[in-house]
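Student: The structure follows.
Only the coordinates and a few stated rules stand behind these numbers; no lab work does. As the structure is a prediction and not an experimental result, all values here were calculated from the model. Ideal geometry is used to build each Cβ from the backbone, glycine not excepted, and the neighbour counts take in all protein chains shown.
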Amino acid sequence: MRLETCIRKGLRLKAHRVPEVREEAGRLVAEIEWIQGRELTCGHCSRRTRRVHSRRPPREWRDLSVRGQPLVLRYAPYRVRCPACGPRVEDVPWAHKWQRITRALARALAELSRQLSWQQTAAHYRVFGVSI
Ligand SMILES: [Zn+2]
């Protein structure tokens, strides 16, 4: 299976795809794109819509490493035209609002932190200065 497909399935993406994964400065960067016509989620009320207003600059989220290489998801979120709230930034399915790490990495960090200190956990996953 291609790495792109593997990441898309792992994140259970329905409205987004992973056109490309490339190596950049010792880390893997997965580019994420919206599949036009699929429903996006309003970040404020969670209603779903296909109507977009504009786009935010690209953002990055740290994900679980792949074969020891840090994996980063890169995506420029849309501002959707929510029928209830107007233009709002979409809620991405792979991370909680404001988080810079994926739900999967947050879960893994939480699991490991039951056995190790936060410092040891952060060192293991090489994440520093992230809020969970
Ligand atoms: Zn809304």
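Student: Of all residues in segment 82-113 being of a type in the set (G, A, S) and within 16 Å of the ligand (Cβ to nearest atom), which is farthest from S54 (Cα to Cα)? Before the answer, list the steps.
Tutor: Going residue by residue through segment 82-113, those that are of a type in the set (G, A, S) are 84, 86, 95, 104, 106, 108, 110, 113.
Right, trim to within 16 Å of the ligand (Cβ to nearest atom) and you get 84, 86.
Working: A84: 17, G86: 12 Å.
Among those residues, the one meeting the criterion is A84.
Student: Something else now. Where in segment 1-78 are the strands (runs of 3 or more DSSP E), entirely inside, with at least 2 residues that are over 13 Å from the mean Cα position of the chain (by Cα) and either of a type in the set (F, W, Y) or under 22 Å from V127 (Cβ atoms) (or both)?
Tutor: Once the strands (runs of 3 or more DSSP E) in segment 1-78 are filtered for at least 2 residues that are over 13 Å from the mean Cα position of the chain (by Cα) and either of a type in the set (F, W, Y) or under 22 Å from V127 (Cβ atoms) (or both), what remains is 16-24, 27-34, 59-66, 69-75.
Student: Select from segment 82-132 the residues that are charged (D, E, K, R) and not in a loop (DSSP other than H, G, I, E, B) and write down the one among them that is surrounded by the most Cβ atoms within 10 Å (Cβ to Cβ).
Tutor: Step one: filter segment 82-132 for residues charged (D, E, K, R), giving 88, 90-91, 97, 100, 103, 107, 111, 114, 126.
Still in the running and not in a loop (DSSP other than H, G, I, E, B): 88, 90, 103, 107, 111.
On the way: R88: 21, E90: 25, R103: 16, R107: 13, E111: 10.
Top of the filtered list is E90.
Student: Among the residues of segment 33-58, write down those that are within 14 Å of the ligand (Cβ to nearest atom), at negative phi and of a type outside the set (D, E, K, R).
Tutor: Across segment 33-58, the qualifying residues are L40, T41, C42, G43, H44, C45, T49, V52, H53.
Student: Among the residues of segment 72-81 satisfying the criterion of being surrounded by 21 or more Cβ atoms within 10 Å (Cβ to Cβ) and under 21 Å from E23 (Cα atoms), which is nearest to the ligand (Cβ to nearest atom)?
Tutor: Residue satisfying both the conditions and the ranking: Y75.
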